[in-house]
Amino acid sequence: MKLLIVLMLAALPLLCYAGSGSGCQLLDDVVEKTIDPEVSLSEYQQYLQEFLDSDADQEAVGEFKQCFLNQSNETLQNFDLMMKIIYDSPWCKAF
């Protein structure tokens, strides 16, 4: 289960090349929904439904979102800032 979460984090950026933001609207939307405390667990799972092939995937996505729901607003804002720093880094700008 934890491996699936790690693979989700690793695979999402590979869907697109970096540009403004991530360069991929799908990735930007998923990150935004992930860190938005107003997006419920069921809404999040429904949003990603087309990418989930099994009950185990559904459960892993639920656990992933729950990790973010358990965080403070300050932590979520810091995560958002970290993502922006990564997107604006020299390593991503090359793409």
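The values are calculated or read from the model by the stated rules, or taken from the named source; none is laboratory data. Computed from a predicted structure; not experimentally measured. Ideal geometry is used to build each Cβ from the backbone, glycine not excepted, and the neighbour counts take in all protein chains shown. Areas reflect the complete protein model, heavy atoms only, side chains present, ligands, DNA and RNA absent. Shrake-Rupley method; radii C 1.70, N 1.55, O 1.52, S 1.80 Å.
Miscellaneous remarks
- Those helices (runs of 4 or more DSSP H) of the stretch 37-88 in which at least 2 residues are of a type in the set (Val, Ile, Thr), under 23 Å from Cys24 (Cα atoms) and free of Cβ contacts under 8 Å to residues at least 12 places away in the same chain, considering only elements entirely within it, cover 73-87.
- Test: residue in the stretch 25-37 that is open to solvent by less than 40 Å² (accessible area, probe 1.4 Å) and modelled with pLDDT under 85: yes
- Qualifying residue in the stretch 61-77 (condition: modelled with pLDDT of 90 or more, open to solvent by less than 50 Å² (accessible area, probe 1.4 Å) and among the β-branched types (Val, Ile, Thr)): yes
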